[in-house]
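Okay, so here's the structure we're looking at.
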Amino acid sequence: MNSTTQNLSAQAFATAAETAAISRGYWATVWMRLKRDKVSVACALVLLSLVLMAVFAPLLAPYDPAQGTMLKRLSAIGTTGHWLGTDELGRDMLSRLMYGGQMSLLMGLLPVFIAFLIGTSLGLVAGFFGGWWNTLIMRTTDVFFAFPAVLLAIAISGALGAGFVNAILSLTLVFIPPIARVAESVTTSVRNLDFVDAARASGANSFTIIRVHVLGNVLGPVFIYATSLVSVCMILAAGLSFLGLGVKPPVAEWGLMLNTLRQSIYVQPWISVLPGLMIFITSLCFNLLSDGLRGAMDIKR
Amino acid sequence: MSALLRVQDLKKHFPIGKDLFGRPTQVVHAVESVSFDVEKGRTLGIVGESGCGKSTTARLLMHLIEPDEGRISIRGKEFGNIGGRHPVAQLRRQMQMVFQDSYASLNPRLTIEDSIAFGPQIHGVSETLARQQARDLLDRVGLNPSVFIRRYPHELSGGQRQRVNIARALAIKPEIVILDEAVSALDKSVQAQVLNLLSDLKKEFELTYLFISHDLNVVQYISDDVMVMYLGQVVESGPVAQLYENPAHPYTRALLNSVPAQTPGQSKNYIVLEGDPPNPIAPPKGCRFHPRCQFAKAICAEKEPETVKVSGSHKAACFKLPGSVDHQTYIRLQEVSHEPRG
């Protein structure tokens, strides 16, 4: 009985291994190469733990992030019960950093993700169809390029008013033009390759050509670029919150925490640094991961 | 016997540079009044130096570039995007193309199998059947399907990739295959293998080839008929043996003469063409070849020579030929002296 089970599982394993070897597609190869890169794996693990920490903050956090006591204001790091100290209103720093991750990560990822979808579509249309479409889309994005990203985000947020949704909206608008431009240039170079002509000669229409032959070749480079923008977006989001244009107190968000702890820098400098450190670690990991991804996706190497 | 593929007065001018109102300021005369017939089962070789419009002609035939003028018909059915003609989609089922750059003409993200099975699926063949056909075709072009089916283009050598491209073109079951410099990028031994493969496939699938190349030896080997192009025009055409043995046009003569001597040590009196081919943006008046022609006379710069019969189906466009209307005028004229080259 036992040996039969073993045999069966061994067989199943062999078949699975075979299938894996045969059907190992492009993304499986990328995944395998990424796994071999120690820096990327380390960054991915750090990011994963940050995300888990943020998601499970209600379960993990030792205190309510909004509740504080004036008696315990600005306790030092290492205080019993508050291992990362307390902030200027006596709220537990560890809990606030955990909860803050929810907002900060969301504000770093969501705008870039939405901009990735919209920007890639715009860039694909502009690059593939060229001519009048290209002029319309690319000249419009050029208008956005006339302003520095920070200024643009602040201006749009300021015009729309403070708040989470408006901050996301303004950041999305800031990131659409650069993504569209990268997507357009990649699409233009792919469109001129012979395999697109060969596909057209096979009788395929533009939609099928974009879906099968262009998208796969454009998505990679644009995705790499977008991951590198996540860190910029986080910093911009933190900046908006710092200026009071993002989320509002008492919500925990790393940028906002940095702002409110600013005044305490002479009393408890290390506590003031903590939210900034979180932003730094997260953006560093995103940048390094995007670098690793670029290497893993360069299939010709 | 009527022709399988008939091309009449194919013309393409590319606008370059635009003024304030989007009107072209200059045009490249890429292909000018190109006409030819190809009979079923034959191979037409198209030769000429770079920039003479060979590849543009191929792309015009496939409607990858829209022709300005001209008729393309297969078995008397005319194809095109103009109303009243049969749709281009139908043309593309009967005519396929193999490109020069074997790497750029395969999608790097698709496996060999996916690339070959793509075309038939567009034409409604089920995925399973298309994949089965892809395996059969791979086997037919000399690549073991079980080894290559899941490979990506970058894992193959140039010769292997070009075999895949040939399989991809054949997957749609065309009657005519355009081979645009298909073996030019391969080294000599691989070239020979691929040429032999092409000959075998031609017999097996009853194909008709349009073989575009700048390599005169290869064209002589594979073609039944040859067409020589110069600056977007056909200067001479005819059966390969006649044209190679008895070239009628001075350009063809110079071109064939440029093939290096086959015996080492043997010296050869080369006809040296002076200068680069003239600019296709402002092609010379009269015969387009006259600025480089050693036989050029005044009339050559004035009037464009018409295409006349040399013998049988061998035709050329030159005033030197006795069949030409202005031949007598040409004979009486003094030769234009060329400046000695410095």
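The values are calculated or read from the model by the stated rules, or taken from the named source; none is laboratory data. For clarity, every value in this text was computed on a predicted model and none was experimentally measured. Positions of Cβ are generated from backbone atoms using ideal geometry, with glycine treated the same way; all protein chains shown enter the neighbour counts. Just the protein is used for accessible areas: all its heavy atoms, side chains included, with ligands, DNA and RNA removed. Shrake-Rupley method; radii C 1.70, N 1.55, O 1.52, S 1.80 Å.
Once the 1.4 Å probe is applied to the protein heavy atoms, region A:227-294 comes out at 44 Å² accessible per residue.
For B:ALA89 and B:SER2, FRET efficiency with R0 = 22 Å and r from the beta-carbon atoms, rounded to 0.05? About 0.40, to the nearest 0.05. Using a probe radius of 1.4 angstrom, the carbon and sulfur fraction of the accessible surface of region B:5-156 is 47%. Note that chain B presents 46 Å² accessible area per residue, ligands and nucleic acids not counted, probe 1.4 Å. A 1.4 Å probe over all protein chains sorts A:GLU253, B:GLU78 by accessible area into B:GLU78, A:GLU253, starting with the largest. Solvent-accessible area lost on pairing A with B (1.4 Å probe, both sides summed) amounts to about 2200 Å². Peptide B:108-114 has a mean of 5 when you count, residue by residue, the C-beta atoms of other protein chains within 10 Å of its C-beta.
In the complete set of protein chains, residue-level accessible area for B:ASP136 is approximately 90 Å², probe 1.4 angstrom.
Setting aside same-chain residues fewer than 8 positions from B:LYS12, which aspartates and glutamates have a Cα under 19 Å from its Cα? Cross-link targets: A:ASP197, B:GLU32, B:ASP37, B:GLU49, B:GLU66, B:ASP68, B:GLU69, B:GLU78, B:ASP180, B:GLU304. Note every residue of region A:201-219 with a reduction of at least 10 square angstrom in accessible area, all protein chains present versus the isolated chain, computed with a 1.4 Å probe, or write none. Flagged in region A:201-219: A:ALA201, A:SER202, A:GLY203, A:ALA204, A:THR208, A:VAL212, A:HIS213, A:GLY216, A:ASN217. Give the carbon-plus-sulfur fraction of the accessible surface of region B:252-332 in %, rounded to a whole number; probe 1.4 Å, heavy atoms of protein chains only. For region B:252-332, the apolar C and S fraction of the accessible surface comes to 54 percent. For region A:183-213 and region A:57-130, compute the distance between their C-alpha centroids and round to whole Å. Region A:183-213 and region A:57-130 have Cα centres separated by 42 Å. For region B:121-154, a drop of 40 Å² or more in accessible area on going from the chain alone to the assembled protein chains (1.4 Å probe) is found at B:ILE122, B:ARG150, B:TYR152, B:HIS154. Computing the accessible area with a 1.4 Å probe over protein heavy atoms, can you report the carbon and sulfur percentage for chain A? Carbon and sulfur atoms account for 71 percent of the accessible area of chain A.
Taking the 0 to 90 degree range and rounding to the nearest ten, how far is the long axis of helix A:149-160 tilted relative to the main principal axis of chain A, both from C-alpha atoms? Roughly 70 degrees between the two axes. With a threshold of 21 Å on the Cα-Cα distance, the over-threshold entries among B:LYS202/B:LYS309; B:LYS173/B:LYS203; B:LYS54/B:LYS315 are B:LYS202/B:LYS309.
With contacts taken as Cα pairs under 8 Å and at least 6 residues apart, chain B reaches a relative contact order of 18 percent.
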